[in-house]
Amino acid sequence: MMLLAEFMDGGDLRQVLEANNTKRSFTWTHKIHCALNIAEALVFLHSMDPIVIHRDLKSRNVLLDADFNAKITDFGIAREVDETTLTAGIGTYRWIAPEVLVDGDRPTSLQAAYQIRCRIEGFL
């Protein structure tokens, strides 16, 4: 068996955001493009039947290529939406929707949208 993956030589989004003024410019155009790539990937996952919830979307789990095209990675705790397999409170606490942390709700597509908002807010 062989696994083939695209080479993402731009590093992860966190590295790029932290090194923004030192290596290469991560302009507003790049940020918008990156945010759209992330949103498109999540729309794809959430349009599947059954829906796939990433559950740990954060800047370290978004890889960039040399042109700042973004790909979501680390699906280690991703799950299909299923009452028996999807457990609450999984993921990185900083990016989890408050209702998952407080009420123990199961992650949903709407709560994944909260993670996108957190990522876009991180660009600012």
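What the table shows:
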{"quantity": "Only one of Ile38, Ile32 that is among the β-branched types (Val, Ile, Thr), within 15 Å of Asp74 (Cβ to Cβ) and modelled with pLDDT of 85 or more", "calculated": "Ile38"}
{"quantity": "Meets criteria (modelled with pLDDT of 75 or more, surrounded by fewer than 18 Cβ atoms within 10 Å (Cβ to Cβ), out of contact with any Lys or Arg (no Cβ under 8 Å at 6 or more places or on another chain) and not aromatic (Phe, Trp, Tyr)) for Asp67", "calculated": "yes"}
{"quantity": "Pairs, first within 16 Å of Glu40 (Cα to Cα) and in contact (Cβ under 8 Å) with a residue 60 or more places away in the chain in segment 54-68, second outside any loop (DSSP other than H, G, I, E, B) and aromatic (Phe, Trp, Tyr), C-beta under 8 Å, six or more apart", "calculated": "Leu57/Trp95; Lys58/Trp95"}
{"quantity": "Set Asp9, Asp49, Asp82, Asp74: member being modelled with pLDDT under 75 and among the acidic types (Asp, Glu)", "calculated": "Asp82"}
{"quantity": "Qualifying residues in segment 4-29 (those that are assigned to a helix (DSSP H, G or I) and in contact with a helix residue (DSSP H, G or I) (Cβ under 8 Å, 6 or more places away or on another chain)) - the one farthest from Thr73 (Cα to Cα)", "calculated": "Leu17"}
{"quantity": "Lone unmet requirement of (1) in contact with a helix residue (DSSP H, G or I) (Cβ under 7 Å, 6 or more places away or on another chain); (2) of a type in the set (A, V, I, L, M); (3) at pLDDT below 85; (4) surrounded by 18 or more Cβ atoms within 10 Å (Cβ to Cβ) for Leu101", "calculated": "(4)"}
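The values are calculated or read from the model by the stated rules, or taken from the named source; none is laboratory data. As the structure is a computational prediction, the values presented were derived from the model and not from experiment. Reconstructed Cβ throughout: ideal geometry from the backbone, glycine too, with neighbour counts over all protein chains shown.
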